[in-house]
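Working notes, beginning with the structure itself.
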Amino acid sequence: QLQLVESGGGLVQPGGSLRLSCAASGFILDYYAIGWFRQAPGKEREGVSCISRGGGRKNYADSVKGRFTISRDNAKNTLYLQIKSLKPEDTTVYYCVGSRRLFGLCVLSPYEYEYWGQGTQVTVSS
């Protein structure tokens, strides 16, 4: 069973930067498309970014393009999300997700991912 553990969240001023990490265990990460979602209380889940098994395909939500960068290091079994120019509206819980059903692609739909981490809180405030 794939286990996902997020880290790197915290309190940051508007315009600041963060790097989120997701450590995977149970299986080697090579076999999974992985990504990041976020969900604020009372709101629907929003796909932030995803990356295919081999890293050849990446997708970003329009709201984060140019500010967020996703990457993976299969040798370390770790997923990263580098965030810059943070805005107050980025404040919410961020979840790491994985899917073994996606081959050579990734999509920003929560229904395509069967594995979810517990989340890490990102707060953007002055």
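The values are calculated or read from the model by the stated rules, or taken from the named source; none is laboratory data. All of these numbers come straight from a predicted model, not from anything done at the bench. Cβ atoms come from the backbone with ideal geometry, glycine included; neighbour counts cover every protein chain shown. Quick note on the areas: whole protein, heavy atoms, side chains included, nothing else; ligands and nucleic acids left out. Shrake-Rupley method; radii C 1.70, N 1.55, O 1.52, S 1.80 Å.
Figures for the structure shown
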{"quantity": "Cα centroid separation - the stretch 67-126 against the stretch 41-63, whole Å", "calculated": "7"}
{"quantity": "Two-site label geometry, residue 114 and residue 100: point separation in nm, points 7 Å out along Cα→Cβ", "calculated": "0.6"}
{"quantity": "Protein accessible area in the chain, 1.4 Å probe - carbon and sulfur %", "calculated": "47"}
{"quantity": "Cα Rg, Dmax, the stretch 52-126, angstrom units", "calculated": "13.2, 42"}
{"quantity": "Globularity index of the chain, i.e. its alpha-carbon radius of gyration over 2.2 N^0.38 Å", "calculated": "0.97"}
{"quantity": "By average C-beta atoms within 10 angstrom, highest first, the peptides 58-66, 78-86, 3-11", "calculated": "78-86, 3-11, 58-66"}
{"quantity": "The chain - percent relative contact order, Cα under 8 Å, separation 6 or more", "calculated": "36"}
{"quantity": "Integer Hz, Karplus 6.51/-1.76/1.60 couplings in order for the stretch 64-72, x for Gly and Pro", "calculated": "10, 4, x, 10, 10, 9, 9, 8, 9"}
{"quantity": "Positive minus negative residues near residue 86 (Lys, Arg vs Asp, Glu; Cβ under 13 Å)", "calculated": "+3"}
{"quantity": "Residue-normalised accessible area of the chain, given per residue in Å² at a 1.4 Å probe", "calculated": "51"}
